[in-house]
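Here the structure comes first, spelled out in structure tokens, and everything after it is commentary.
The values are calculated or read from the model by the stated rules, or taken from the named source; none is laboratory data. Quantities reported herein were computed from a predicted structural model and do not represent experimental measurements. All Cβ positions, even for glycine, are placed from backbone atoms using ideal geometry, and neighbour counts span all protein chains on display.
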Amino acid sequence: MPPTFRHRSLADFSALSVDDAAALVALARSLQRQRCAGSAGLPLKGKNLAVVLATPDDGEAAAFERVAAPLGARVACLCPGLSERSSDAEVQRTAALLGRLYDAVDCVRMAPALVQRVNALADIPVFEGITSSTHPIGALAELLDPDTPVQARRCLLIQAVLIRTLN
């Protein structure tokens, strides 16, 4: 059975096992071949994803949607007003609501400690800025075809993560 990546934080991605990394790269290559052959499916059809922003959108939500929508997922953009000073009850209510409404969320430009709090309380995968150019998953882009633009390689890897996490 292929590995799954439930409830991974930024630190988890920086410490992926060799097998997990190889599985992601293999899936990214498979997605690329399917696209080139015109046979790409919608493996995330019916999935609801959210981008949770610390401040009003500055393009990060659009980046996540460009990655997830071609897989069939619907993406919502939220700005719930959480901060590091948010009470435990407020974070718990928000995490519970996110878990009821979405299959996964990407927390963008939120303090890592706050993302960890949401991750601990949500019953869904919680990512920490996965579309950010500084996210550790991008390091695997070097393992894909160097003739493919780096942004396209990063997109393929993020799509691989989403597929493995949600299927």
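With respect to the conditions (1) modelled with pLDDT of 95 or more; (2) touching a helix residue (DSSP H, G or I) at 6+ places or on another chain (Cβ under 8 Å); (3) surrounded by 14 or more Cβ atoms within 10 Å (Cβ to Cβ), Ala96 lacks only one, and its number is (3). Of the residues examined, Gly59 is not one that is among the small types (Gly, Ala, Ser) and under 22 Å from Gly99 (Cβ atoms). When Val108, Val161, Val115, Val126 are screened for being within 14 Å of the chain's Cα centre (by Cα) and either small (Gly, Ala, Ser) or over 19 Å from Leu16 (Cβ atoms) (or both), only Val108 passes. Checking the stretch 73-88 against the condition returns a match, with at least one residue being more than 20 Å from Thr55 (Cβ to Cβ), under 15 Å from the mean Cα position of the chain (by Cα) and not small (Gly, Ala, Ser).
Output the residue which, of all residues in the stretch 42-56 that are at pLDDT 85 or above and farther than 22 Å from Arg100 by Cβ, is nearest to the chain's Cα centre (by Cα). Once the filter is applied, the top-ranked residue is Pro43. Restricting to the stretch 115-167, and then to whatever is over 22 Å from Ala69 (Cα atoms) and of a type in the set (Gly, Ala, Ser), can you tell me which residue is surrounded by the most Cβ atoms within 10 Å (Cβ to Cβ)? Residue satisfying both the conditions and the ranking: Ala122. Within the stretch 80-91, residues that are on the phi < 0 side of the Ramachandran plot reach partners that are assigned to a loop (DSSP other than H, G, I, E, B) and surrounded by 12 or more Cβ atoms within 10 Å (Cβ to Cβ) with beta carbons closer than 8 Å, at six or more positions or on different chains, in the pairs Leu82/Ala54; Leu82/Met110; Ser83/Ala54; Ser83/Ala111; Glu84/Ala111; Glu90/Leu82; Val91/Leu82. For the stretch 134-167, the set of residues classified as under 24 Å from Arg109 (Cβ atoms) and in contact with a Lys or Arg (Cβ under 6 Å, 6 or more places away or on another chain) consists of Gly138, Ala141, Leu166, listed by residue number.
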